[in-house]
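Asker: Dumping the structure here so I can ask a few things about it.
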Amino acid sequence: MSYSVEAENLIKRFGKTVAVNNVSFKIRKGEFFCIIGPSGCGKTTTLRLVAGLIKPDSGKIYMNGVDYTNIPTHKRPLSMVFQTWALFPHMTVYENVEFGLRMRNVSEADRKEAVKWALGLVKMEEFANRKPRELSGGQQQRVAIARALVVRPEILLLDEPLGNLDFKLQLRLQEELKQIHRVTGVTFLYVTHDQRQAMALGDTIMVMNMGIIEQMGSPIELYSSPSSVFVARFVGESNILEGSVKAVEGGTAIVETHLGDFQLQDKNVRAGDRVWVFWRPEDTYIGRDAMDADYRFNGEVLDITTAGSVTNYKVSVGGQLLKATVKGLPMDGVESGSKITLGCKKSGLKLITKASSSGLADVERIILGE
Amino acid sequence: MGEAAAPQRLVSSYLLLAPMLGVIIAFLIVPLIMVGIVSLYRPTGTGYVLELNLSSYVRFFTDPNIYGILLSTLANSAIVTVMAFILAYPVAYFLTMKIRTFRAKTILLIAMLIPFWIDFTTRALSWIPWLGIQGILNQVLTGLGILREPSPIFLFSPFAMLLVMIQGYTLFMIAPIFIVMSKIDPTLYEAAKALGASPLKTFYHINLKLTMPGIGVGTVFVFLSSVADFATPRLIGGLVTSIGQVIRDQVVFLNLPLASAISVILTLIALAIVMTVFKLMNIRQVFE
Amino acid sequence: MARDITKIILALYTAGMVFFIYAPIITMVLFSFNSSPRTVPPFDGPSLRWYEVLFGQKAILLEAFTRSIFLAILTMLIATPLFTIAGLAYRRRFKGDEFAFYLVTIGIIMPGITYSLGVLIFYNTLGIKTSLWTGLPVHLVWSVPWGLILMRAMIDPNIIYYEEAAKTLGASDWQTFRRVTLPLFMPAILGGALFAFTLSFTELIRSIFIVSPNTLPLQVLAEVTVWGVSPYIFAIGSLIVLISLALLLLSGFLLRGVFEKLQI
């Protein structure tokens with residue numbers, strides 16, 4: 001297996017803060033790898049370490065099996081798209097895009113061809129002679145992508161590239177990026193705080209929090225089997241009930257929560273462990289459908305919102321907030337304040353055994369709001 | 001990015017600063033410290049003795065000839081500064097807001113810069129054809145009947161001195177205001193308009209307030225330059241003496257301690273003014 | 001409509017200001033050609049006599065002029081690299097950045113005679129005799145801070161991002177500097193250089209005690225103090241105006257390409 005990027009035990013401190021705390025990961029060739037997490041989690045720092053813009057305090061970085069830790073940025077087989085696009089203001093679009101090729105001493109004729117291809121890829125051919133300040137945000141973004149791709153890098157680093165754009169534009173460019181990835185086969189290392197973007201784009205997602213890796217896996221893994229409360233909350237909406245293990249019998253754990261006891265598949269827990277019962281809002285049933293559910297709760301509707309084809313319910317059950325996402329329009333007669341019955345099936349429940357993968361008590365306390 | 005928000009020790013930056021700082025420390029800081037030290041020596045008739053005392057400072061505060069002149073110099077400079085501001089602002093505004101192309105702006109600015117290359121003294125003297133008794137101004141005024149006969153007050157008088165200084169220093173007020181005003185985000189004007197501000201209010205809240213740092217820089221520079229300027233009063237100020245002239249005279253009389261003492265006091269006043277203006281006008285904005 | 005009226009008023013005002021600045025210059029040039037020693041109207045008819053005086057008996061002024069030019073060019077050539085690399089340091093925040101900046105700007109804030117006095121004492125203490133060269137550090141102390149101010153004021157806050165982008169595209173440190181950093185700083189550098197030259201050339205107050213033989217401003221002051229005002233003073237002034245205009249037109253013509261490229 002050839003890995004485009006291998007990070008080994010990276011540590012980076014800024015003053016007293018440890019921004020990147022012993023982070024290791026491997027990215028396969030041609031993979032679309034996303035790093036997500038809240039602001040300040042260390043994802044951008046990690047990206048910049050891979051880029052070589054900052055040096056790690058300890059740890060190594062390999063690309064295609066070669067140790068690049070101490071090699072400067074301009075010699076690394078990568079290029080980068082910046083959050084603020086960073087197009088050279090004193091050069092035209094054409095000159096911006098050809099810059100990397102000039103640095104590689106590509107002949108003028110070849111440069112012309114390549115730039116044409118790159119601009120075509122992002123549909124910006126007619127803007128070749130404009131200056132960056134004459135372009136809109138989305139257009140500058142496209143040029144930045146073209147500029148980074150024209151040099152045919154092995155690895156493309158992207159630092160929240162869609163952050164400064166409006167929602168619809170984000171969705172469109174998201175699709176285009178996906179296509180470009182497919183067409184060019186370049187390894188993408190994509191950093192964002194928008195987990196929906198990452199879920200839509202990534203082959204593998206790495207969730208970071210306070211400098212450590214919370215969980216790394218495919219979007220499906222992260223969504224359906226989060227390994228910590230942090231990941232469960234960060235990725236998508238969730239229902240989380242805190243509880244403790246009452247007993248373990250066979251392969252089943254019985255968890256006691258203040259909404260009742262639940263039976264879940266055991267995950268090597270012991271009696272007395274602090275755990276959480278977790279399921280996604282889509283696995284919550286309401287009204288009549290709740291009647292056949294394994295577990296039922298009665299509560300009061302706090303809020304109803306419709307988002308296109310689904311309706312989201314926020315329900316208060318004994319002081320606990322539960323969420324349900326159901327296909328279709330709101331149920332007849334149900335509105336804020338109505339009494340409603342929720343249900344969930346045993347198969348939809350998962351057991352979470354830790355608040356954070358860091359193992360750090362401080363971090364856990366913050367996550368749990370204590 | 002949420003990374004290093006606090007300034008760090010960057011060796012590269014220090015290396016880059018070293019040459020400039022070296023020159024400055026050697027040729028600015030050291031001489032200034034020397035002035036401070038010499039001000040504390042005792043003056044003899046032909047020089048000074050290495051004995052520390054405050055006699056020069058006492059002399060300053062007790063001799064109305066000296067501190068009085070300082071006060072009048074400060075007053076004159078204040079007038080010059082205010083007038084320079086009033087005259088400069090509309091020009092800076094015009095250049096920033098009403099002239100579109102970078103090239104046109106540059107040309108106009110440089111056009112106003114050219115007279116600067118003529119040295120100060122000649123520029124001061126170039127007003128003589130205008131301000132003398134037989135000068136153009138007098139001839140026009142008598143011709144129009146506003147004056148019955150030519151007046152000598154226009155030349156070799158405080159009026160002449162102020163006029164020349166204002167003419168000379170206005171550019172130094174125009175430039176910083178222009179630079180700062182150019183940096184104002186144009187969408188702010190639109191935002192103000194959208195919020196219902198009249199043109200006058202927009203001008204006050206956006207234009208005037210945001211140009212404060214530039215005004216501050218210009219004010220400081222014009223004021224301090226005019227305070228220190230002894231050439232203009234000497235040339236066409238007639239009987240007006242400036243504190244700069246006083247210092248120079250003391251040097252000529254070989255009373256260096258007194259000259260130094262006056263200088264120190266002048267510097268302290270200058271520093272006080274600068275710090276006050278900077279605080280008031282949030283100078284840091286210019287560099288961010 | 002109202003905006004146009006404002007524009008016209010302001011344009012007229014600015015024209016008036018330009019006139020205010022230039023009027024004495026124009027009369028000065030005019031009177032330098034006066035056939036009589038009058039420096040006030042009426043103008044007595046054209047003559048080159050004062051230029052003859054300038055090149056003959058008062059050639060000392062021309063010598064002073066040459067010295068001023070020499071010193072100004074020297075100042076410009078030394079000050080520019082000094083403030084340029086210092087300005088580059090300010091692309092990033094660093095410990096002591098504001099302190100260093102204030103230290104440097106003391107040179108501007110300091111009243112000129114105070115500083116000149118200090119340098120006089122400084123040279124006396126070190127036993128250095130005054131010459132043209134002793135004026136150089138003084139002129140540098142005066143012009144370098146302005147260059148630095150310009151550099152800092154005209155910096156693009158995103159400059160570090162541009163440099164990083166260049167590096168990720170394969171540019172070495174030198175290439176990044178040459179193709180990205182330097183072009184973006186060029187207006188400030190050129191402005192600072194021009195300013196340094198101007199400040200040095202017209203410098204009087206700071207040089208008074210410690211430059212000898214005299215630069216032009218000092219010489220004019222001396223002449224006028226001793227002999228009073230006479231049109232040959234206007235002659236040298238006019239000469240300067242003429243040369244400045246010529247230089248300006250020349251550089252505008254030569255740098256036309258540069259200007260277009262720098263349209264930021």
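The values are calculated or read from the model by the stated rules, or taken from the named source; none is laboratory data. Quick caveat: nothing in here was measured; it's all calculated off a predicted structure. Virtual Cβ from ideal backbone geometry, glycine too; neighbours counted across all protein chains shown.
Asker: Among the residues of region B:252-270, write down those that are more than 10 Å from every other protein chain (Cβ to nearest Cβ) and crowded, with 20+ Cβ neighbours inside 10 Å.
Answerer: Residues satisfying the conditions are B:ASN255, B:PRO257, B:LEU258, B:ALA261.
Asker: While we're on this one: Go over the candidates B:ASP249, B:ASP185, B:ASP229 one by one and state the one that is at the interface with another protein chain (Cβ under 10 Å from one of its Cβ atoms) and acidic (Asp, Glu).
Answerer: Details: B:ASP249 fails: at the interface with another protein chain (Cβ under 10 Å from one of its Cβ atoms); B:ASP185 fails: at the interface with another protein chain (Cβ under 10 Å from one of its Cβ atoms).
It is B:ASP229.
Asker: How many of the residues in region C:107-142 are without any contact (Cβ under 8 Å) to a residue 24 or more places away in the chain and under 22 Å from the mean Cα position of the chain (by Cα)?
Answerer: Initially, region C:107-142 is screened for residues without any contact (Cβ under 8 Å) to a residue 24 or more places away in the chain, giving C:109-111, C:114, C:118, C:121-122, C:124-129, C:133, C:137.
If we keep only those that are under 22 Å from the mean Cα position of the chain (by Cα) as well, we get C:109-111, C:114, C:133, C:137.
Qualifying residue count for the region: 6.
Asker: Right, here's the next one. Residue by residue through region A:157-192, note down the ones that are of a type in the set (Gly, Ala, Ser) and in contact with a Gly (Cβ under 7 Å, 6 or more places away or on another chain).
Answerer: Within region A:157-192, just A:GLY185 meets the criteria.
Asker: Let me ask another. Among the residues of region B:12-39, write down those that are more than 8 Å from chain C (Cβ to nearest Cβ), more than 13 Å from C:LEU117 (Cβ to Cβ) and surrounded by 19 or more Cβ atoms within 10 Å (Cβ to Cβ).
Answerer: Matches in region B:12-39: none.
Asker: Same structure again: Considering only residues of region B:237-282 that are among the aliphatic types (A, V, I, L, M) and outside any helix (DSSP H, G or I), which is farthest from B:PHE156 (Cα to Cα)?
Answerer: As a first pass, look at region B:237-282 and keep what is among the aliphatic types (A, V, I, L, M): B:239-240, B:243, B:246-247, B:251-252, B:254, B:256, B:258-259, B:261-262, B:264-266, B:268-275, B:277, B:280-281.
Okay, now just the ones that are also outside any helix (DSSP H, G or I), so B:239-240, B:254.
Values: B:LEU239: 7, B:VAL240: 9, B:LEU254: 28 Å.
Only one residue fits best here, namely B:LEU254.
Matching residues to (1) within 11 Å of chain C (Cβ to nearest Cβ); (2) modelled with pLDDT of 75 or more:
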| position | (1), (2) |
| --- | --- |
| B:LEU52 | no, no |
| B:ASN65 | no, yes |
| B:GLY68 | no, yes |
| B:ASN76 | no, yes |
| B:ALA92 | yes, yes |
| B:MET97 | yes, yes |
| B:ALA104 | no, yes |
| B:TRP117 | yes, no |
| B:TRP127 | yes, yes |
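Asker: Follow-up. Does region A:169-186 contain any residue that is acidic (Asp, Glu) and within 14 Å of chain C (Cβ to nearest Cβ)?
Answerer: If we filter region A:169-186 for residues that are acidic (Asp, Glu), which is where we start, we get A:175-176.
This time we only want the ones that are within 14 Å of chain C (Cβ to nearest Cβ), so: none.
No, region A:169-186 has no match at all.
Asker: I'd like to check something: does region C:126-134 contain any residue that is in a helix (DSSP H, G or I), under 15 Å from B:LEU28 (Cα atoms) and touching a helix residue (DSSP H, G or I) at 6+ places or on another chain (Cβ under 8 Å)?
Answerer: no
Asker: Select from region A:90-102 the residues that are surrounded by 24 or more Cβ atoms within 10 Å (Cβ to Cβ) and facing chain C (nearest Cβ under 7 Å) and write down the one among them that is farthest from A:ALA148 (Cα to Cα).
Answerer: A:PHE99
Asker: So how many residues does region B:133-154 have that are without any contact (Cβ under 8 Å) to a residue 12 or more places away in the chain, more than 11 Å from chain C (Cβ to nearest Cβ) and either within 15 Å of C:ALA23 (Cβ to Cβ) or not in a loop (DSSP other than H, G, I, E, B) (or both)?
Answerer: Filtering region B:133-154 for residues without any contact (Cβ under 8 Å) to a residue 12 or more places away in the chain gives B:136, B:139-149, B:153.
Those left that are additionally more than 11 Å from chain C (Cβ to nearest Cβ): B:141-149, B:153.
Now narrow it down to the ones that are either within 15 Å of C:ALA23 (Cβ to Cβ) or not in a loop (DSSP other than H, G, I, E, B) (or both): B:141-143, B:153.
Total meeting the criteria: 4.
Asker: Before we move on, is A:GLY15 without any contact (Cβ under 8 Å) to a residue 12 or more places away in the chain and of a type outside the set (Phe, Trp, Tyr)? Talk me through it step by step, then tell me what you get.
Answerer: Values: without any contact (Cβ under 8 Å) to a residue 12 or more places away in the chain: yes; of a type outside the set (Phe, Trp, Tyr): yes.
Against the criterion (without any contact (Cβ under 8 Å) to a residue 12 or more places away in the chain and of a type outside the set (Phe, Trp, Tyr)), A:GLY15 qualifies.
Asker: Quick one: in region C:97-133, which of the residues that are within 8 Å of chain B (Cβ to nearest Cβ) and of a type in the set (Gly, Ala, Ser) is nearest to B:VAL35 (Cα to Cα)?
Answerer: C:GLY118
Asker: Now for a separate question. Does B:SER157 count as polar (S, T, N, Q), crowded, with 16+ Cβ neighbours inside 10 Å and more than 10 Å from chain C (Cβ to nearest Cβ)?
Answerer: Values: polar (S, T, N, Q): yes; crowded, with 16+ Cβ neighbours inside 10 Å: yes; more than 10 Å from chain C (Cβ to nearest Cβ): yes.
Against the criterion (polar (S, T, N, Q), crowded, with 16+ Cβ neighbours inside 10 Å and more than 10 Å from chain C (Cβ to nearest Cβ)), B:SER157 qualifies.
Asker: Next question. Kindly provide the set of residues from region C:116-137 that are in contact with a Lys or Arg (Cβ under 7 Å, 6 or more places away or on another chain) and either surrounded by fewer than 23 Cβ atoms within 10 Å (Cβ to Cβ) or at pLDDT 85 or above (or both), ordered by number.
Answerer: Looking only at region C:116-137, we keep the residues that are in contact with a Lys or Arg (Cβ under 7 Å, 6 or more places away or on another chain), and these are C:116, C:132.
Of everything in region C:116-137, just one residue is in contact with a Lys or Arg (Cβ under 7 Å, 6 or more places away or on another chain) and either surrounded by fewer than 23 Cβ atoms within 10 Å (Cβ to Cβ) or at pLDDT 85 or above (or both), namely C:LEU132.
Asker: Sticking with this one: Let me confirm something: among C:ALA89, C:ALA64, which residue is closer than 30 Å to C:PRO183 by Cα, surrounded by 21 or more Cβ atoms within 10 Å (Cβ to Cβ) and either within 12 Å of chain B (Cβ to nearest Cβ) or not hydrophobic (A, V, I, L, M, F, W, C) (or both)? Walk me through it before giving the result.
Answerer: Numbers: C:ALA64 fails: closer than 30 Å to C:PRO183 by Cα.
Exactly one residue qualifies, and that residue is C:ALA89.
Asker: Residues being facing chain B (nearest Cβ under 7 Å), under 30 Å from B:PHE178 (Cβ atoms) and among the aromatic types (Phe, Trp, Tyr): count how many of those fall in region C:8-54.
Answerer: Residues that pass the stated criteria total 3.
Asker: So which of A:LEU78, A:LEU87, A:LEU121 ends up being away from every other protein chain (no Cβ under 13 Å) and in contact (Cβ under 8 Å) with a residue 40 or more places away in the chain? First the steps, then the outcome.
Answerer: Working: A:LEU78 fails: away from every other protein chain (no Cβ under 13 Å); A:LEU87 fails: away from every other protein chain (no Cβ under 13 Å).
It is A:LEU121.
Asker: Among what's in region A:269-293 and is in a loop (DSSP other than H, G, I, E, B) and over 28 Å from the mean Cα position of the chain (by Cα), pick the residue that is nearest to A:CYS344 (Cα to Cα).
Answerer: The first filter runs over region A:269-293 and keeps only residues in a loop (DSSP other than H, G, I, E, B), leaving A:269-273, A:280, A:293.
Next cut, over 28 Å from the mean Cα position of the chain (by Cα) only: A:269-273, A:293.
Details: A:VAL269: 23, A:ARG270: 24, A:ALA271: 24, A:GLY272: 24, A:ASP273: 23, A:ALA293: 5 Å.
Across region A:269-293, the extreme among qualifying residues is A:ALA293.
Asker: So is B:THR122 in a helix (DSSP H, G or I), without any contact (Cβ under 8 Å) to a residue 40 or more places away in the chain and within 24 Å of B:SER242 (Cβ to Cβ) or not?
Answerer: On the way: in a helix (DSSP H, G or I): yes; without any contact (Cβ under 8 Å) to a residue 40 or more places away in the chain: yes; within 24 Å of B:SER242 (Cβ to Cβ): yes.
Yes: the conditions hold for B:THR122.
Asker: Something else now. Among the strands (runs of 3 or more DSSP E) confined wholly to region A:204-249, which include 1 or more residues that are closer than 16 Å to A:PHE25 by Cβ? Write out each step before concluding.
Answerer: Numbers: elements: A:204-209, A:212-217, A:239-249.
Ranges flagged: A:204-209, A:212-217.
Asker: State which residue pairs qualify: first residue over 8 Å from A:PRO219 (Cβ atoms) and inside region A:188-203, second residue of a type in the set (Asp, Glu) and in a strand (DSSP E or B) in any location, beta carbons under 8 Å apart, and separation of 6 or more residues or different chains.
Answerer: Close Cβ pairs (under 8 Å, with a partner that is of a type in the set (Asp, Glu) and in a strand (DSSP E or B)) amount to A:VAL191/A:ASP159.
Asker: Here is a further query. Within region A:1-43, take every residue that is hydroxyl-bearing (Ser, Thr, Tyr) and surrounded by fewer than 22 Cβ atoms within 10 Å (Cβ to Cβ) and give me the one that is nearest to A:VAL235 (Cα to Cα).
Answerer: Within region A:1-43, the subset hydroxyl-bearing (Ser, Thr, Tyr) is A:2-4, A:17, A:24, A:39.
Among the residues that remain, those that are also surrounded by fewer than 22 Cβ atoms within 10 Å (Cβ to Cβ) are: A:2-3, A:17, A:24, A:39.
Numbers: A:SER2: 29, A:TYR3: 26, A:THR17: 25, A:SER24: 21, A:SER39: 15 Å.
Among them, the one singled out is A:SER39.
Asker: Restricting to region C:135-159, and then to whatever is facing chain B (nearest Cβ under 10 Å) and either hydroxyl-bearing (Ser, Thr, Tyr) or not in a helix (DSSP H, G or I) (or both), can you tell me which residue is nearest to C:PRO111 (Cα to Cα)?
Answerer: C:MET154
Asker: Name the pairs whose Cβ atoms lie under 8 Å apart, with the first residue in region C:171-200 and over 22 Å from C:MET76 (Cα atoms) and touching a residue at least 24 places away in the same chain (Cβ under 8 Å), the second hydrophobic (A, V, I, L, M, F, W, C) and buried (at least 20 other Cβ atoms within 10 Å of the Cβ), and 6 or more positions between them or separate chains?
Answerer: Correct list of pairs: empty, since none qualify.
A quick yes/no check of all residues on (1) surrounded by 15 or more Cβ atoms within 10 Å (Cβ to Cβ); (2) touching a strand residue (DSSP E or B) at 6+ places or on another chain (Cβ under 8 Å); (3) assigned to a loop (DSSP other than H, G, I, E, B):
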site: A:VAL115; (1), (2), (3): yes, no, no
site: A:ARG130; (1), (2), (3): yes, no, yes
site: A:GLN140; (1), (2), (3): yes, no, no
site: A:LYS168; (1), (2), (3): no, no, no
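Asker: Report, by residue number, each residue of region B:188-215 that is under 20 Å from the mean Cα position of the chain (by Cα) and within 12 Å of chain C (Cβ to nearest Cβ).
Answerer: Matches in region B:188-215: B:PRO213, B:GLY214.
Asker: Among the residues of region A:42-73, write down those that are among the basic types (Lys, Arg) and assigned to a helix (DSSP H, G or I).
Answerer: First pass over region A:42-73, keeping only residues among the basic types (Lys, Arg): A:43, A:48, A:55, A:60.
Hits for region A:42-73 are A:LYS43, A:ARG48.
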